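Since the structure comes first, as structure tokens, the remarks are kept for the end.
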2 protein chains.
Amino acid sequence: MKIHGILAAILFALVLSPSCGSRKQAAYLTVPFSASTNIPGKEYPKINPDLSVTCRVEAPDAISVELDLCNKVYPMVQIEGGVWEVTSDPQVPGFHYYFINVDGVRVSDPSSKLFYGCGLMASGIEIPEAGVDFYLEQDVPHGEVRMQRYWSDLAQTWRICYVYTPAEYDTTPDARYPVLYLQHGGGEDETGWPNQGKVDNIMDNLIASGEAVSMIVVMDRGSAVLANSPDWERTRNIFDFSAYEKVVVEELVPMIDACYRTLDDRNSRAIAGLSLGGYQSWSIGLSHMDLFSYIGGFSGAGMEPSPEKYPLSLNEQMNLLYLSVGTEEPEQMYAGVKAFHDMLENKGVQHLYYESPGTAHEWLTWRRSLRQFAALLFR
Amino acid sequence: MKIHGILAAILFALVLSPSCGSRKQAAYLTVPFSASTNIPGKEYPKINPDLSVTCRVEAPDAISVELDLCNKVYPMVQIEGGVWEVTSDPQVPGFHYYFINVDGVRVSDPSSKLFYGCGLMASGIEIPEAGVDFYLEQDVPHGEVRMQRYWSDLAQTWRICYVYTPAEYDTTPDARYPVLYLQHGGGEDETGWPNQGKVDNIMDNLIASGEAVSMIVVMDRGSAVLANSPDWERTRNIFDFSAYEKVVVEELVPMIDACYRTLDDRNSRAIAGLSLGGYQSWSIGLSHMDLFSYIGGFSGAGMEPSPEKYPLSLNEQMNLLYLSVGTEEPEQMYAGVKAFHDMLENKGVQHLYYESPGTAHEWLTWRRSLRQFAALLFR
């Protein structure tokens, strides 16, 4: 009887209480529709049923206007009253950066929300994938993405990182959580995973279904310039990220462990990233095995394929090594990651290798990789 | 002795523990410097000691390039190799939206971070105010800005709001907090206060100094379209926000009270906003005195100056009515708010009226207003 009373109370609460996140996704359309990445109320760009994109720009005085979808440039034509239009080839599903070239100046599309990528604020278009909803808002408890400011003594500057906390974080004040450090790619910043990557939806859905354990995800900017560093350090190759590595080890991880209810041992810490961030994650992770025991590289683990860096002792030391790549990525990227995988395989270093079918060097590859990687963590 | 032991432990912790937010602000420069609103690493736009702005854009094939500082358009000139440059008049301190016109097309500056304003992603430039730091990061405990998704049954769509929680929120699991609902202006969205408004710095600093009580601040998008609403409703005047009002009352407030540790009575709720959001706040606040007892309008309270809407009974019913305006705002805005203030004054309706010296219809007026308004709340 007592159980029935409790059940009745729970059902009552479910029916009457406002929820912290519930309900439904938009229907997938089979007619041309405005992209979800448009400024609210903007009709164009539109996505057609064959996944081609129709773009319109008002530029009455321009001589030449082009749609630059990064993989291909499409000249636009004036259709009426200063409005230029073009329809692209069909695009692969996923999130693609794009630009408009106005008389040779590459600018963002005034009709698009903008995303930090390619080293500037870029237009972006989300090409949906029919029937796929693992990165969409679903009727599950929702965690939060929190903006966390912290002072870097090393860089003598304020930094901002984003921190995903799982839905139950605030209501379980005694619980502690493992932490995934998740890096963006080159030309992107700490807003990449929250905005383009839809990290909160992916984690909310995985945790709600029991496919992943509840965890904290930290997304910091993957670069730093140490205070008083010589000029050459400020302009050095992006693949030399020793300054950022110092910030991660000496400042970021301690700050997160101080400010959040973390489990602060290596078995409860993972580091992963995409492209440049994948390279960083493998490099920082393997150099600091006292901190990390799970490492993931999405489209970017294979920069240092020298076999002697990957001894068989890793099989004992690490809980997981993971790498992935999209089948439609540029040949050099695909071949590089694949060769890295083959080398590890030949050496007998245990790892998980995933090829994302039909996706390029873009966010759908990385969303899929995160979904798979996160589900394997902290078991 | 016991006290000494505790003190020693606290001092020890202060010295050795990583902090959740500490230290220093950048020095104010007296030579031309790159704006803090630039994409990291971009030299231009630069702000000169007289607060004029020097802007550069690479556009080798363009025929005409202009800097549009919204209050004035400056033709740019080619200085070398396709680079165009201009230096503006001295600007008033604060945060200003701007655009670049390339052959007549208004686009964002590829060197600037972008901010949702003017109905699209706009370039923005922060003109610092010498010696003023109430909206800068300071060496105080830092709260968080959290992205909260919630489902709207009324609109049949997911919505996102941002929620500021004070620094101690996570470490005081039994405490409950009053809530300020803070609205953006026309052509802006829920990202306005977190990005342009620097709400977290302002609140962190006020709370740390004891000038404001610890509170939660909710920043939602100030518009909504009800599901299945007729077409005319979707295109109606922005000053008819009855659909959004329904969302606030029936969905947003209940969701916040369910998901955060709030004090959920009218004495613990405030609503305020800027420009259109100020008008909304006065209107929604006075229509729902069961929910709100503090109302603020920054540069936008005076849209409905009919005296009969403001009975003397408000003096008993409301804890605070607040309005403000910048002295450099367009004459119509200044005169409108001032007339509203005079009307209330003449009627004997108690309120606080503030003029922000030297600032226009922009974010510095609203940051100052928030600072003053927040300090008066929930006493």
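Every read-out reported here was derived from the displayed coordinates using simple, explicitly stated rules and does not represent laboratory data. Everything numeric in this text was worked out from a predicted model, so none of it was measured. So basically every Cβ, Gly included, is an ideal-geometry build from the backbone, and we count neighbours across all protein chains shown.
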Which of B:Gly277, B:Gly222, B:Gly131 moves most in a GNM of chain B, Cα contacts under 10 Å?
B:Gly131
Any idea what the dipole of the range A:268-350 comes to, in debye rounded to 20, about its Cα centre with Lys/Arg Cβ at +1 and Asp/Glu Cβ at -1?
180
Mind listing the label-point distances from B:Lys338 to the same position on all other copies, shortest first, one decimal in nm, points 7 Å along Cα→Cβ?
7.3
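Taking beta carbons within 10 Å but only from partner chains, what does the mean come to for residues B:57-64?
4
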Peptide-level mean, for B:107-113, of C-beta atoms on other protein chains within 10 Å
6
Per the charge dipole of chain B (beta-carbon charges, Lys/Arg positive, Asp/Glu negative, Cα centre), the residue among B:Ser369, B:Thr327, B:Phe95 reaching farthest to the positive end is B:Ser369
What are the extents of the Cα atoms of the range A:60-202 along their three principal axes, listed from largest to smallest and rounded to whole Å?
63, 45, 25
Going out from 0 in 5 Å bins, what whole percent of all Cα-Cα distances in the range A:315-367 drops into each bin?
5, 21, 26, 22, 14, 9, 3
Looking at chain B, I'd like the Rg to Rh ratio, where Rg is from alpha-carbon atoms and Rh is Kirkwood's inverse mean 1/r.
1.00
With contacts defined as alpha carbon pairs under 8 Å and 6 or more residues apart, what's the relative contact order of chain B in percent?
12
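Just to confirm a number: summing +1 for Lys and Arg and -1 for Asp and Glu over residues other than B:Gly296 whose beta-carbon lies under 14 angstrom from that of B:Gly296, what do you get?
Local charge sum for B:Gly296: +4.
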Residue of B:Val132, B:Val213, B:Val337 that the Gaussian network model of chain B assigns the largest fluctuation, springs spanning Cα pairs under 10 Å
B:Val132
Tell me, how many Å apart are the Cα centres for the range B:88-109 and for the range B:166-186?
34
Expected max-MSF residue from B:Ala224, B:Ala175, B:Ala272 in the GNM of chain B (alpha carbon, under 10 Å) is B:Ala175
Dipole check, the protein assembly as shown, charges on Cβ (K,R +1; D,E -1), about Cα centroid: among B:Tyr181, B:Val83, A:Thr157 the Cα furthest to the positive pole belongs to B:Tyr181
Calculate the dipole size of the protein assembly as shown relative to its Cα centre from +1 charges on Lys and Arg beta carbons and -1 charges on Asp and Glu beta carbons; express the result in debye to the nearest 20.
1540
On each of the three principal axes the extent of the alpha-carbon atoms of the range B:238-379, given in whole Å and largest first, is 42, 32, 31
Cα-Cα pairs in the range A:27-127 separated by more than 17 Å, as a whole percent of all pairs, come to 47
Estimated D of the protein assembly as shown in µm² per second, where Rh is the Kirkwood radius over Cα pairs and Stokes-Einstein applies at 10 °C, 1.306 mPa s
58
What's the center-to-center distance, using Cα atoms, between the range A:355-379 and the range B:38-67 in Å?
39
Name the aspartates and glutamates eligible as straight-distance cross-link partners of B:Lys246: C-alpha to C-alpha under 15 Å, and not fewer than 8 places from it in the same chain.
B:Asp153, B:Asp220, B:Glu233, B:Asp290
Copies of B:Asp89 compared via label points 7 Å along Cα→Cβ give distances in nm, shortest first, of 5.2
Between B:Lys309 and the same site in the other copies, what are the distances in nm, shortest first, taking label points 7 Å from Cα along the C-beta direction?
6.6
Is there a quick way to get the dipole size of chain B? I mean about its Cα centre, with the Cβ of Lys and Arg at +1 and of Asp and Glu at -1; what is the value in debye to the nearest 20?
820
Output field shielding_mean for B:168-174 (other chain Cβ, 10 Å radius) holds 3
